Amino acid sequence: MYKHLKKILLSGFLFIATLVHAGDGMWLPQLLAQLNEKEMKSMGMKISAADIYNINKGSLKDAIVSFGGFCTGEIISSKGLILTNHHCGFSSIQNHSTIDHNYIRDGFWSRNEAEEMPNKGLFVTFIVRIEDVSKAVLSGVTSSMSEKERQSTIDKNIAAVQKNTKQEDYQKNFVRAFFNGNQYFLFVTETYNDIRLVGAPPSSIGNFGKDTDNWIWPRHTGDFSMFRIYAGKDNKPADYSPDNVPYTPKKYLSISLDGVAKNDFTMVFGFPGRTNEYLYSEAVRQIVEINDPVRIQIRDKALAVIDAFMRKDEKIKIQYASKFAGISNAWKKWQGEVLGLTKTKAVAKKQAYEAEFQKRVDNNPTWKKAYGSLLNELAAAYEQFGPVSRSRDVFLEVYSKIELFAIVAQINNLIKAEGQQNFDATLEKVKEKLQDIYKDYNAEVDEKLFATLMEFYYEDQKDQGLPKELTDFVTSKDQNFAAIAAHIYKTTTLDQEDVTLNALNDDPNGFLEKFKNDNLFDLYKALINNYVANIAPTYNTADDRIQELQRTYMKAQMEVFKEKKFYPDANSTMRVTYGKVNGYEPKDAVWYEISTHLSGVMEKYKPGDYEFDVPEKLRELYKNKDYGPYGENGKMPVCFIGTNHTTGGNSGSPALDAYGNLIGLNFDRAWEGTMSDINYDPSICRNIMVDIRYVLFLVDKFAGATRLIDEMKLVHPKKH
Ligand code: ARG
Ligand code: ASP
């Protein structure tokens, strides 16, 4: 290992490259004044950090919400109108869709507030304030504690912090770890639960280019949808009620009609989910060579099965659209990630960085004592981690794609609740969950998934030790997985919604008694038990060890590389990232421009195609160049790119100009740079945004929803 390091150390230029990251970083809004304001202003920002985050008066942060916990949204009117992505609102759009009212295909536009549609389970969360509570949370924690002791002290401290936090009775709070547990922040929040669907374009606009174009620049997708927050009459959070009223926000975003130019300052404000920028080199190597490839391989198979059915059957297409998009989204991202990490030599860069780290540590007696063997320990820990994390990935990827297992898991919950006080409540919950699953379930698709994926699982894992129930069963059927699946799906009735739900209504206990002797249940238990007994514990031990070492390594990096400005990895908390509108060179001799236009939509147009069809109305607007005030020099801008450092969860985040006006809606990253979660590289990492003028054009000219335009505040910052 170290021989290797020395060689790389000689090529010191690699190390320098990691220090001159410009544009990377997901910063905490309350620390901008201290850490970033100066740089942001030097890059062109015209407002101050206090305009972005201020707890004493309305600031930009009050216009940004976590949308359902998985995306970001922003408020764009005084009546609580929210803008987010089409793919963020998709499950709501899908839930309201039927063959007769196909809002996925045709879009949906409410004509008045009464037509705005409620969405059970959907919520948005505001951040009221953020506080550093590291001292209180880490009080009493010592380095001699075991991980378990440490965690229990921290849990106790967190509970005390949460309890002592001053807040209104309708507010909540949570504490989250940063820098791998070296710092802790408290977030006081307000959550609204009555969120209604206001409008969405047809998928042929909102998801134009679908999976072929996903993660790709140049892009031509109008990836937006609109919702509205409803509140009680006192403007406070309230459960859904027809009496609720549109929410009056503390702050909403003004919208710029002036567009973007190369090198314009931009910032993106939202809730990025997860990044891993400070990993040890071997972790990155494993992602590139082990984890990503096997997950891609399994998803190749799952996608091929689902795709074949979706192309044949309109009902299956609606039922599986969301699942397909979800599976394919990460599948494609991992492929870009592997390419990008390989191309930018991420592992070698990390190794050079580690060599420099080791050199500095070795030259400082205090550090040497504390961190001298850290890298060796990380190497040893990853050696343990590699194989078991692969087995875990294989199990979880396969298990989670076969929905019959999800159905059995629900029945199993009920079996576990038998004889308990909460049985009736569990029964109700299980019935609800099952209805959710069955709504978009097709037994034929699932059977084929079972045959294909279980065969992979069996072949791949048979040398790792598989449960006897599985091997016996497979051998008894001559390892013919189509026959195995056929047998299982023919003998079980669990793939039939009415049979299962009737049984659960009429005689739940009788049904459970019978199910306990079912072959399917035996197989399910064998698979789960194998995972719980043989994979999870080894994985958890290895993972705990890595967490512990990574916490120390993070702390050490911050001490040893004092000249570097560190930002915490994304953890679904509110962040600001900033950069510039700029193109990039994806490969030799090719330059990608900053923006796309409606003419490009027409270049991609394939009549009747599943991914590239264009609605007639849009073609007509294009033909007549009927762009209203939203076009620019006779062209209609569609998307643009910038150097903002974003990740999953940033979808729906506003892109703001130097004054804090809305100029775009973040929804994706460019293929060459999806490795930004692990190794941000300013030369090729770009986020993709819908130009806000395209959104306005679609709402106004395409949908005719002028009542919504009337609510918004449109401005001309560049014309002053
Ligand atoms: N890649 C983007 C993100 O990770 C957009 C996904 C939605 N679009 C799609 N075609 N599946 O969420
Ligand atoms: N499309 C992602 C999202 O849904 C954003 C990204 O990964 O760049 O959050």
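No value in this document is a laboratory result; all are computed from the given coordinates. These figures come from a predicted structure and were not determined experimentally. Virtual Cβ from ideal backbone geometry, glycine too; neighbours counted across all protein chains shown.
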Review point. Of LEU520, MET554, TYR441, which is farthest along the charge dipole of region 421-571 in the positive direction, counting Lys and Arg as +1 and Asp and Glu as -1 at C-beta?
Key: MET554
**Study point:** Helix-derived mean residue ellipticity, 222 nm - over the chain, DSSP H n ≥ 4, -39500 (n - 2.57), to 500
**Key:** -14500 deg cm²/dmol
Check your understanding: Which percent of Cα-Cα pairs in region 282-386 sits in each 10 Å bin, short to long?
Key -> 13, 28, 24, 16, 11, 6, 2
Exercise for review: Work out the length of the dipole vector of region 633-720 about its Cα centre, built from +1 on the beta-carbon of each Lys and Arg and -1 on the beta-carbon of each Asp and Glu, and round it to the nearest 20 debye.
Suggested key: 380
Review point. Which whole-number value in Å³ per residue fits the convex hull of the alpha carbons of the chain?
Key: 183
Practice item. Would you kindly work out the equivalent ellipsoid of region 470-602 from its C-alpha gyration tensor and give its semi-axes, the square roots of five times the eigenvalues, largest first in whole Å? Key: 51, 29, 20
Point to revise | Dipole magnitude of the chain about its Cα centre (Cβ charges: Lys, Arg +1; Asp, Glu -1), debye to nearest 20 | key: 2460
Review point. Of all the C-alpha pairs in region 639-720, what % are more than 18 Å from each other?
Key: 50
Study note, to complete from the structure: For region 409-474, shape from the Cα gyration tensor axes a ≥ b ≥ c, cut at a/c of 1.5 then a/b versus b/c, turns out oblate
Check your understanding: Considering the dipole of region 419-492 built from charges on the beta carbon (Lys and Arg +1, Asp and Glu -1) around the Cα centre, which of GLN420, PHE450, ALA486 is farthest to its positive end?
Key -> GLN420
Check your understanding: In nm, to one decimal, how far is the GLN435 label point from the LYS369 one, both placed 7 Å along Cα→Cβ?
Key -> 6.5
Check your understanding: So for region 86-204, taking the charge dipole from beta-carbon charges (+1 Lys/Arg, -1 Asp/Glu), which of ASN182, SER97, ASN119 sits furthest toward the positive end?
Key -> ASN182
